[in-house]
1. Has region 374-387 got at least one residue that is surrounded by 19 or more Cβ atoms within 10 Å (Cβ to Cβ), under 19 Å from the mean Cα position of the chain (by Cα) and hydroxyl-bearing (Ser, Thr, Tyr)?
2. Here is a check on your reading of the model: is residue 415 assigned to a helix (DSSP H, G or I), modelled with pLDDT of 95 or more, farther than 25 Å from residue 69 by Cα and open to solvent by less than 70 Å² (accessible area, probe 1.4 Å)?
3. Residue check: is residue 304 open to solvent by less than 10 Å² (accessible area, probe 1.4 Å), under 20 Å from residue 36 (Cα atoms) and either modelled with pLDDT under 90 or not small (Gly, Ala, Ser) (or both)?
4. Among the residues of region 126-135, what is the count of those that are in contact with a Ser or Thr (Cβ under 9 Å, 6 or more places away or on another chain) and open to solvent by 20 Å² or more (accessible area, probe 1.4 Å)?
5. How about region 258-270: which of its residues are open to solvent by less than 50 Å² (accessible area, probe 1.4 Å) and either of a type in the set (Gly, Ala, Ser) or under 9 Å from residue 64 (Cβ atoms) (or both)?
6. For residue 340, only one of the following conditions fails: (1) open to solvent by less than 40 Å² (accessible area, probe 1.4 Å); (2) touching a residue at least 24 places away in the same chain (Cβ under 8 Å); (3) part of a helix (DSSP H, G or I). What is its number?
7. For region 85-113, enumerate the residues that are open to solvent by less than 10 Å² (accessible area, probe 1.4 Å) and among the hydrophobic types (A, V, I, L, M, F, W, C).
8. Would you mind finding the one in 409, 429 that is of a type outside the set (A, V, I, L, M) and modelled with pLDDT of 95 or more?
Amino acid sequence: MSTQEFEREPVRPEKLQPARNFAASYAGEHVAGTEFVIGAMFVTWGVGTGDILTGLLLGNLLAVLSWALICAPIAADTRLTLYAYLEKIGGPGTVKIYSVVNGILFCILAGAMITVSASAVRILFDLPSQVHWYPTSVGFVLVALLVGIVVVAIAMRGFRRVAQFAEVCAPWMILMFLAGSLSMLPVLVGATPGISSIENFSQFKAIADTYIWVEGESEMGMWHVAAFAWICNLSMHGGLSDMTVLRFARKKQYGYFSAFGMFVGHFLAWIWAGIMGAGAALLMKTTVTELDPGAVAFQALGAAGILAVIIAGWTTSNPTIYRAGLAFQSINPSWNRTKVTAVVGAVTTAIACFPFVFSKLMDFVGLMGLLLSPVGAIIVTEHWVFPKIGKTRYWAHYKKLTTNIAAIFTWMSALLIAFVLNQLGLHLFFLLIPTWISAMLIYTVMASRMGAAGDYREQAAIDTAAEEKRKNEEKRYLQELADSKFKGHGNIQPSIFMNMWGALSLVSLGACLLLAVLAYVGIITLDEFRNVLIWPTLLYFVSATRWVIYRESTQESHSSVNVAGDTPDLA
């Protein structure tokens, strides 16, 4: 298999990916097993329904704008991984330090995703729920190891295979969150005095205020919800880790596809997960904090719920392990990315056997984003601010510095400021803005004093010329690609098998949705819904997978013909 992922060089124009890969990747990655955890955690915050909904809308909007206006433009402009670009700014010493920190954090996060998947598989073997930081069952450890092997195998195949896996899973995953909430709403309606059905938003809010997002004495409020929704993926957008993914985008506007993850994945999935968690807790006569994602999904969706949690963990852990592999591979360019990813995956799988991150997920993702965000601020400062204030971009590279001391000092100083502010009472979720601004100001001052104000016009001119040549070649290729599609040269006529499998996958999704609606309106019972849902689910995965295989084989055959005829590759 091809493992050319352009770890050290700009992505070539013919390897840039179409829009659908990014829409599917973001939807798949952010409609994940952790949504069961986070959605349930909001239930325990003591924040009312109105504040939850408003905060999630605002915070997820800020996250989308961070991807679209900060991360994607830099990724599309440079076509480099974060690590390759940081090396130009900070030198190999800086990137080694950052890669170790970043890689470890991504390993822990991916481990939590595998733990989530394993929490569903353990139901099949009647293993105990894992709600402590350490494993309490040998059987669970074996399940986590098995799930980890599958996840790592996919991540080793590179971005394209990760995106294809998400493309198959994403539509069904989104539907399962909706279906689970529809199946649990009658349970909540039946337990709410004075309400026999939901006919308007006021009735839904009354149920939510009673059983889901119950307002209580809590330090948390709407702004905490908004801040968490913004920073929960801060390492990826504000910390620029998603340069690793978005460097493959044909257009910088593909950053807006993060909305599929933020509003379908986070906003709606967190709400639907909260409904499922509250309903499952009522059915099991316990509290939502005593339930893991597998238990919640099984109560709402039956066997399909187990599969949903397994796949939800996979679709997030796959790209996360891929990022971690690139992080550690950047330490030594001679290392093979696939082998590094395999080693990283083994470590991640071992971490997954200890559910400590799973039990403290919200604090961990906030801390992870905060630790990495100053580096994002340094890159943004050098990429956009320096050319506007007369400083030189890549000055440390031109000075042949092994380590950019100004960058390291800035990173540590910004974290120190964040620590002091936190000790003074500022909540973890609110530390982003002061930390980011502090990093930009400190780096501007320190870099100016250490060499950014120097004269490097000769070296800069060589770099600028090379970049302009690369960008012109890319622009020419994309224009040829667009012209070819406009003339119909790139149109691929689907075979009868593609049409058949595509239609069957849509019918399967429709059947899943119909079952959920029938359960919601009371035509079928919850038990009947849970028992039947698995069958259209299995039919969907068979048909959708076959559809993708036929499409890919058709595109590859078409691409071979195009290469022979000197026509742009449309795959």
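1. Checked region 374-387: no residue is surrounded by 19 or more Cβ atoms within 10 Å (Cβ to Cβ), under 19 Å from the mean Cα position of the chain (by Cα) and hydroxyl-bearing (Ser, Thr, Tyr).
2. Criteria not met by residue 415.
3. no
4. 6
5. 258, 259, 261, 262, 265, 269
6. Unmet condition: (2).
7. Residues satisfying the conditions are 86, 89, 95, 106, 107, 110, 112, 113.
8. Only one candidate passes the filter, namely 409.
The values are calculated or read from the model by the stated rules, or taken from the named source; none is laboratory data. Treat the numbers as computed from the prediction; the structure is a model and nothing was measured. We place every Cβ from the backbone using ideal geometry, glycine too, and count neighbours over all the protein chains shown. The accessibility values were calculated without ligands, DNA or RNA, using every heavy atom of the protein model including side chains. Shrake-Rupley method; radii C 1.70, N 1.55, O 1.52, S 1.80 Å.
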